[in-house]
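Here it is, the structure in full.
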Amino acid sequence: MKQSRFLAVFAALVYAFLHVPLLILCAFSFNSSRFTVWEGFSLAWYRAMFGDAQLGEAAWNSLVIALASTVLATAIGTLCAYGLWKRGSKWLSGSLYLSLVTPEIVTGISLLAFFQWVFRYLQIQLGMHTVILAHVAFSIAYVLLVVMARLRTAEPALEDAALDLGANEWQAFRLVTLPMLQPGIIAAALLAFTVSFDDYVITSLVAGVDSETLPMVLYAMARRGANPVVSAISAVIFLGFGALILLSERMQKR
Amino acid sequence: MTRRREILIGLAGLSGCARPTARRLNVFNWSAYVAPETVPNFEKHHAVKVRYSVYESNEEMLARVFSGNSGWDIVFPTHYIVPPMREQNLLAELDHAQLPNLKNIEPAFQHPVSDPQLQHSVPYMWNATGILYNKKVTPVPSKWADLWEPHWKGHLTMLDDPAEVFAAALRKLGYSLNSRDPNELRAAQREAVNQKPLLRAYLNTEVRDQAVAGDILGAQIWSTTAQQAIDASSDLAFVYPRDGFPLSLDCAVLLRESPRKEIAHDFLNYLLEPNVSARIAETMRTATANGAARPLLSAATQNNRTLYPPPEVMAQAEWFATVTPEAQRLRDRLWTEIKSA
Amino acid sequence: MNRLRAIFLAPSAAFTVVLFLIPLSIIVGYSFHTRGVYGGVTAPWTTENYQRLFDPLYGIILWRSLVMSTAATVLCLLIAFPLALFIARAGERAKSIYLYLVILPFWTSFLVRTYAWMFLLRDTGLINSVLLSLKIINEPLPLLYNETAVVVGLVYGYLPFAVLPLFSNLERLDKNLMEAAADLGATPWNSIRHVVLPLCAPGMRAAAVLVFIPCLGAYLTPDLLGGGKSIMIGNLIQNQFTTARDWPFGSAISLALMALVMILLTTLLKQDGEEAL
């Protein structure tokens, strides 16, 4: 369909609104001064960033946590969506909806109180596992939301036809419905990865000694004041993920 | 219900794979509170791996250790956070036999209000709240009341902390900064609301860079943070308000959950060694509570009036104390009123 | 079918019960307790925390939060709708790139996005520096630390949450419908108003919910961009759990807020949780 000129201009402006603040931040990560005055090109902040072992570890933790919780939440959420599509369950969908409207700080505090209570009986510690569990718990509702939207457009008659042709229920799901769901599942995984990689409030409450994430380190740095290392990190994330997207698009084209 | 048990067992299984690594010690401290070589030297001498991480506020630290199984061994609450932590059963009792260097602590800090016998806490660094200002401002501020002058409009910040804002307003009115009297607190609240139109924002450490950059001309701020700002810009100066100011003491505590109390005591004792304390205070520009370290500081640092104010200034100081639940609730409600005014 | 369905639902049910419903019930329990001397949660049981909520002061804060969240939500929808329409009409390959470009800023972490705005809005920030050097202004404009900055930050932070559901809704619309409308002489604006808008009501609802709820609970944005001068309900809750150490009262405010949001959603959007998901 032909794009109207108004829409194209509007979209360009919105993309500018979304990206220009971060691009400026990226540009100033090459500034030799700590402040907003441009004093010359420098890679000092990048050296500082790559020399910081704690940062590297936090970035690694963030990736591991985001990937693990994305895989788990996407699988669990997709199965859940399918199960609810077959026949609804008021208490389950209601609870998941409630988890979506719970303010982050409340989710975090309630998990903290819960772990404190569990720790009285079980000798375990806060760590990567508690963060991943918390992330899975709050991502399921997002996955469900997206996958369910896709399922609504599905045709139940197709599965019935497969069953009539001798497939069992598992095969009908696996061979008929699941492939149809693929775009929705990818979108859901993307959303789950995003909310996990971005989360600060809940993570900071359930993280242990060895499971500090990138947002936690960034928060501490940003609170200490102007810090071009923060800009350098965002530049790396911004440009790195950007390159990754372009690359994956290229690969898909081939 | 069986489902729940399975998850709990699964959780237990996950933790079962805790690695039997070399000796570890996990220390969670305020940022800029050790010298670069402090921790590596300890690691070398004691053949231990220290996980050293930093925070920016007591709240951040409390949230991290609250579960009672966070993995941290040593944290550094401000003195008025020690009683709440003790009540929550988070603190381990210290073994003074393993802390011979406790004697190095300056007499003034040997018996803090929060823990007079030092049963749970070791005084580490202290701090006072005062006014950081740009020298181009006239008249030069000398007391809290000066922060109510209209010439600050838009260029003044107060700390984003109810205890601090109440302290300034209460001292301005001549009351104790730990006041529990509803009438005094209400009067202080009215003062704070009157001052609010002059304020740019309520900011903590973030204000330092904005003062250096010249965005902010006056700020209620802690003395050590002010010193860092003054080191970065010669336009800035700091004053202890002569109507009285609060003192706070950051203390090292050992968490009850710590399975490494032995080496943790070694670390606390190490921090109290005069030359270690002196190095930290000298490089990080903080005010050490270690009296034995004071003579080892450079003359410039010893005579620094921001970090180590003379006795006649200290006479105006008052310790923050824990207030009664009723007063605390009133303070909190009044703070909400100030914030939404 | 029932067995397969039960197996499929088991993991999500387990997660929901153990990591959401049980923790939430602890909060419910807290809300009926009393604050201890040093901020612990102790006996006796009481409903006092809920009585405290009926205080005009908290009404004002709630009202301000609702106004700001609504402003942010409306702005998000106004910006997101044309953008989603643009993306939905793009070619297949361009479409996914456009979508990724919406999400990309999100991966740089919420703090960095807020930080980027502080960097722009400060007195010595970029906008003021440029305006000053061009002699357009003589004094820096006070851009940071006000309610406008907070709303801008909220819109910036949650815009992708509005674009995604609108896009998936618009993409499913029959393109022939709009072409038919055009053939019948409708202007583009009229075809959008009378054909597209009514059909993407579900996407609008989802977008509004996904933006409005996190805005209402936000506390970092008002803190960092608002300079702590005007608090939203999220700050009030956070303050109870941190500085004030009044967990029972904090729990009561949280639960009241959640109940209010649920009531708002079910009455305004006329759908229960099941349909929404």
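With the condition kept exactly as written, say whether any residue in the range A:146-162 is facing another protein chain (nearest Cβ under 7 Å) and under 18 Å from C:VAL18 (Cβ atoms). Steps first, please.
Looking only at the range A:146-162, we keep the residues that are facing another protein chain (nearest Cβ under 7 Å), and these are A:148-149, A:153.
Filter once more, keeping what is under 18 Å from C:VAL18 (Cβ atoms): none.
No, every residue in the range A:146-162 fails to be facing another protein chain (nearest Cβ under 7 Å) and under 18 Å from C:VAL18 (Cβ atoms).
Hey, another quick one. What is the residue count in the range C:55-86 for residues that are farther than 20 Å from C:ILE213 by Cα and either under 25 Å from the mean Cα position of the chain (by Cα) or of a type in the set (Lys, Arg) (or both)? Spell out the reasoning first.
Filtering the range C:55-86 down to residues farther than 20 Å from C:ILE213 by Cα leaves C:55-57, C:82-86.
Okay, now just the ones that are also either under 25 Å from the mean Cα position of the chain (by Cα) or of a type in the set (Lys, Arg) (or both), so C:56-57, C:82-86.
Residues flagged as farther than 20 Å from C:ILE213 by Cα and either under 25 Å from the mean Cα position of the chain (by Cα) or of a type in the set (Lys, Arg) (or both) within the range C:55-86 amount to 7.
Continuing with the same structure: Scan the range B:244-287 residue by residue and report those that are within 30 Å of B:SER179 (Cβ to Cβ) and either surrounded by fewer than 22 Cβ atoms within 10 Å (Cβ to Cβ) or out of contact with any Asp or Glu (no Cβ under 7 Å at 6 or more places or on another chain) (or both).
Taking the range B:244-287 and keeping what is within 30 Å of B:SER179 (Cβ to Cβ), we get B:244-253, B:286-287.
Answer for the range B:244-287, where residues must be within 30 Å of B:SER179 (Cβ to Cβ) and either surrounded by fewer than 22 Cβ atoms within 10 Å (Cβ to Cβ) or out of contact with any Asp or Glu (no Cβ under 7 Å at 6 or more places or on another chain) (or both): B:GLY244, B:PHE245, B:LEU247, B:SER248, B:LEU249, B:ASP250, B:CYS251, B:ALA252, B:VAL253, B:THR286, B:ALA287.
I'd like the full set of residues that are free of Cβ contacts under 8 Å to residues at least 40 places away in the same chain and more than 14 Å from A:LEU112 (Cβ to Cβ), limited to the range B:49-66. Let's see the steps before the verdict.
Step one: list which residues in the range B:49-66 are free of Cβ contacts under 8 Å to residues at least 40 places away in the same chain, which gives B:49, B:51-55, B:58-64, B:66.
Answer for the range B:49-66, where residues must be free of Cβ contacts under 8 Å to residues at least 40 places away in the same chain and more than 14 Å from A:LEU112 (Cβ to Cβ): B:LYS49, B:ARG51, B:TYR52, B:SER53, B:VAL54, B:TYR55, B:ASN58.
Still on this model: What number of residues within the range B:134-155 satisfy the criterion of being assigned to a loop (DSSP other than H, G, I, E, B), among the charged types (D, E, K, R) and surrounded by 14 or more Cβ atoms within 10 Å (Cβ to Cβ)?
First, pick out the residues of the range B:134-155 that are assigned to a loop (DSSP other than H, G, I, E, B): B:135-143, B:149, B:153-155.
Retained after the next criterion (residues that are among the charged types (D, E, K, R)): B:135-136, B:143, B:149, B:153.
So of that shortlist, the ones also surrounded by 14 or more Cβ atoms within 10 Å (Cβ to Cβ) come out as B:143, B:149.
Going through the range B:134-155 one residue at a time, the tally reaches 2.
Within the range C:133-154, identify whether any single residue is facing another protein chain (nearest Cβ under 10 Å), among the small types (Gly, Ala, Ser) and farther than 19 Å from C:GLY234 by Cα, and answer yes or no. Give the derivation first.
Taking the range C:133-154 as the starting set, the residues that turn out to be facing another protein chain (nearest Cβ under 10 Å) are C:139-140, C:142, C:144-146, C:152.
Applying the additional criterion that residues be among the small types (Gly, Ala, Ser) yields none.
No: the range C:133-154 contains no residue that is facing another protein chain (nearest Cβ under 10 Å), among the small types (Gly, Ala, Ser) and farther than 19 Å from C:GLY234 by Cα.
Looking at C:THR221, C:THR242 in this structure, which one is within 14 Å of chain B (Cβ to nearest Cβ) and in contact with an Asp or Glu (Cβ under 9 Å, 6 or more places away or on another chain)?
C:THR242
Further question: What tally of residues in the range A:124-139 results from selecting those that are within 15 Å of A:VAL71 (Cβ to Cβ) and away from chain B (no Cβ under 14 Å)? Steps first, please.
Restricting attention to the range A:124-139, the residues satisfying the condition of being within 15 Å of A:VAL71 (Cβ to Cβ) are A:128-129, A:131-133, A:135-137, A:139.
Among the residues that remain, those that are also away from chain B (no Cβ under 14 Å) are: A:135, A:139.
Adding up the residues that qualify gives 2.
Something else: Please enumerate the residues belonging to the range B:199-226 that are farther than 11 Å from B:ASP160 by Cα, within 9 Å of chain C (Cβ to nearest Cβ) and part of a strand (DSSP E or B).
B:LEU199, B:ARG200
While we're looking at this one, here's another question. Would you check if there is a residue in the range B:271-282 being closer than 24 Å to B:LEU132 by Cα and among the hydroxyl-bearing types (Ser, Thr, Tyr)?
Narrowing the range B:271-282 to residues closer than 24 Å to B:LEU132 by Cα: B:280-282.
Checking which are among the hydroxyl-bearing types (Ser, Thr, Tyr) leaves us with none.
No, the range B:271-282 contains no residue that is closer than 24 Å to B:LEU132 by Cα and among the hydroxyl-bearing types (Ser, Thr, Tyr).
Follow-up. For the range A:190-210, enumerate the residues that are in a helix (DSSP H, G or I) and either at pLDDT below 90 or away from chain B (no Cβ under 12 Å) (or both). Let's see the steps before the verdict.
Taking the range A:190-210 first, the residues in a helix (DSSP H, G or I) are A:190-198, A:201-206.
A:LEU190, A:LEU191, A:ALA192, A:PHE193, A:THR194, A:VAL195, A:SER196, A:PHE197, A:ASP198, listed by residue number.
Within the range A:221-240, can you find the residues that are more than 16 Å from B:GLN210 (Cβ to Cβ) and out of contact with any helix residue (DSSP H, G or I) (no Cβ under 8 Å at 6 or more places or on another chain)?
Scanning the range A:221-240 gives a single hit, A:GLY240.
Test A:ALA134 against the stated conditions and say whether it is touching a residue at least 12 places away in the same chain (Cβ under 8 Å) and outside any helix (DSSP H, G or I).
Working: touching a residue at least 12 places away in the same chain (Cβ under 8 Å): yes; outside any helix (DSSP H, G or I): no.
No.
List the pairs whose first member sits in the range B:87-112 and is closer than 24 Å to B:ASN127 by Cα, whose second member is in a loop (DSSP other than H, G, I, E, B) and of a type in the set (S, T, N, Q), and whose Cβ atoms are under 7 Å apart, counting only residues at least 6 apart or on separate chains?
Hits for this filter: B:LEU94/B:GLN119.
What single numbered condition from (1) surrounded by fewer than 22 Cβ atoms within 10 Å (Cβ to Cβ); (2) assigned to a helix (DSSP H, G or I) fails to hold for B:ALA169?
Of the numbered conditions (1) surrounded by fewer than 22 Cβ atoms within 10 Å (Cβ to Cβ); (2) assigned to a helix (DSSP H, G or I), the odd one out for B:ALA169 is (1).
State which residue is farthest from the other protein chains (Cβ to nearest Cβ) when the search covers only the range B:69-86 and only residues that are under 21 Å from B:SER114 (Cα atoms) and in a loop (DSSP other than H, G, I, E, B). Quick ask: steps written out before the conclusion?
Taking the range B:69-86 and keeping what is under 21 Å from B:SER114 (Cα atoms), we get B:73-86.
Still in the running and in a loop (DSSP other than H, G, I, E, B): B:73, B:76-77.
On the way: B:ASP73: 9, B:PHE76: 15, B:PRO77: 12 Å.
Checked the range B:69-86; the qualifying residue farthest from the other protein chains (Cβ to nearest Cβ) is B:PHE76.
Rundown of residues vs (1) buried (at least 18 other Cβ atoms within 10 Å of the Cβ); (2) charged (D, E, K, R); (3) in the same structural domain as B:GLN227 (by TED's automatic domain parsing), yes/no style:
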{"site": "B:TYR55", "(1), (2), (3)": "yes, no, no"}
{"site": "B:ASP73", "(1), (2), (3)": "yes, yes, no"}
{"site": "B:THR78", "(1), (2), (3)": "yes, no, no"}
{"site": "B:ASP95", "(1), (2), (3)": "no, yes, no"}
{"site": "B:HIS111", "(1), (2), (3)": "no, no, no"}
{"site": "B:LEU132", "(1), (2), (3)": "yes, no, yes"}
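Among C:THR42, C:THR46, C:THR73, C:THR34, which is the only one that is more than 11 Å from chain A (Cβ to nearest Cβ), of a type in the set (Ser, Thr, Tyr) and touching a Gly at 6+ places or on another chain (Cβ under 8 Å)? Outline the logic, then answer.
Working: C:THR46 fails: touching a Gly at 6+ places or on another chain (Cβ under 8 Å); C:THR73 fails: touching a Gly at 6+ places or on another chain (Cβ under 8 Å); C:THR34 fails: touching a Gly at 6+ places or on another chain (Cβ under 8 Å).
Of C:THR42, C:THR46, C:THR73, C:THR34, the one residue that is more than 11 Å from chain A (Cβ to nearest Cβ), of a type in the set (Ser, Thr, Tyr) and touching a Gly at 6+ places or on another chain (Cβ under 8 Å) is C:THR42.
Residues A:LEU98, A:LEU67: which one is buried (at least 18 other Cβ atoms within 10 Å of the Cβ), among the hydrophobic types (A, V, I, L, M, F, W, C) and more than 12 Å from A:VAL206 (Cβ to Cβ)?
Details: A:LEU67 fails: buried (at least 18 other Cβ atoms within 10 Å of the Cβ).
From the options A:LEU98, A:LEU67, the qualifying one is A:LEU98.
Sticking with this one: Of everything in the range C:12-35, what is of a type in the set (A, V, I, L, M) and touching a residue at least 40 places away in the same chain (Cβ under 8 Å)? Give them in sequence order.
In the first step, residues of the range C:12-35 are kept if they are of a type in the set (A, V, I, L, M); the result is C:13-14, C:17-19, C:21-22, C:24, C:26-28.
C:ILE27, C:VAL28 - these are the residues of the range C:12-35 that are of a type in the set (A, V, I, L, M) and touching a residue at least 40 places away in the same chain (Cβ under 8 Å).
Being part of a helix (DSSP H, G or I), in contact (Cβ under 8 Å) with a residue 24 or more places away in the chain and of a type in the set (D, E, K, R) narrows it down to one of B:ARG294, B:ARG242, so name that one. Spell out the reasoning first.
Details: B:ARG242 fails: part of a helix (DSSP H, G or I).
It is B:ARG294.
Right, here's the next one. Given the residues B:LEU268, B:LEU297, which is the only one that is in the same structural domain as B:LEU25 (by TED's automatic domain parsing), at pLDDT 95 or above and either over 29 Å from B:LYS49 (Cβ atoms) or in contact with a Cys (Cβ under 6 Å, 6 or more places away or on another chain) (or both)?
Working: B:LEU268 fails: either over 29 Å from B:LYS49 (Cβ atoms) or in contact with a Cys (Cβ under 6 Å, 6 or more places away or on another chain) (or both).
Only one candidate qualifies: B:LEU297.
When the residues of the range C:247-264 are narrowed to those that are within 7 Å of another protein chain (Cβ to nearest Cβ) and farther than 17 Å from A:GLY108 by Cβ, which ends up farthest from the chain's Cα centre (by Cα)? Before the answer, list the steps.
Of the residues in the range C:247-264, the ones within 7 Å of another protein chain (Cβ to nearest Cβ) are C:254, C:257-258, C:261-262.
Then keep just the ones that are farther than 17 Å from A:GLY108 by Cβ; that gives C:261-262.
On the way: C:VAL261: 12, C:MET262: 14 Å.
Ranking the candidates gives C:MET262 first.
Yes or no: the range C:77-94 includes at least one residue that is farther than 30 Å from C:VAL195 by Cβ, in a helix (DSSP H, G or I) and in contact with an Asp or Glu (Cβ under 9 Å, 6 or more places away or on another chain). First the steps, then the outcome.
First, pick out the residues of the range C:77-94 that are farther than 30 Å from C:VAL195 by Cβ: none.
Checked against the condition, which is being farther than 30 Å from C:VAL195 by Cβ, in a helix (DSSP H, G or I) and in contact with an Asp or Glu (Cβ under 9 Å, 6 or more places away or on another chain), the range C:77-94 yields no hits at all.
Separate question: Residues that are at the interface with another protein chain (Cβ under 9 Å from one of its Cβ atoms): find the helices (runs of 4 or more DSSP H) completely inside the range A:1-118 holding 3 or more of those.
Working: elements: A:5-28, A:44-51, A:53-86, A:90-101, A:104-118.
Those helices (runs of 4 or more DSSP H) span A:5-28, A:53-86, A:90-101, A:104-118.
Here's a follow-up. Please specify each residue of the range A:211-229 satisfying the condition of being in contact (Cβ under 8 Å) with a residue 40 or more places away in the chain and facing another protein chain (nearest Cβ under 7 Å).
Correct list: A:GLU212, A:LEU214, A:PRO215, A:ALA226.
What are the residues in the range B:15-28 that are closer than 30 Å to B:HIS79 by Cα and modelled with pLDDT under 95, if any? Break it down into steps so the answer makes sense when it comes.
Keep residues of the range B:15-28 that are closer than 30 Å to B:HIS79 by Cα, which gives B:23-28.
Across the range B:15-28, the qualifying residues are B:ARG23, B:ARG24.
Here is a follow-up. Looking at the range B:270-287, is at least one residue within 23 Å of B:PHE28 (Cα to Cα), more than 19 Å from the chain's Cα centre (by Cα) and of a type in the set (D, E, K, R)? Step through it out loud before you land on a result.
Taking the range B:270-287 as the starting set, the residues that turn out to be within 23 Å of B:PHE28 (Cα to Cα) are B:270-287.
Now drop any that are not more than 19 Å from the chain's Cα centre (by Cα), which leaves B:270, B:273-276, B:279.
Filter once more, so that each one left must be of a type in the set (D, E, K, R): B:273, B:279.
Yes; the residues of the range B:270-287 include at least one that is within 23 Å of B:PHE28 (Cα to Cα), more than 19 Å from the chain's Cα centre (by Cα) and of a type in the set (D, E, K, R).
The values are calculated or read from the model by the stated rules, or taken from the named source; none is laboratory data. Model, not experiment: these values are computed from the prediction. Positions of Cβ are backbone-derived with ideal geometry, glycine not excepted, and every protein chain shown enters the neighbour counts.
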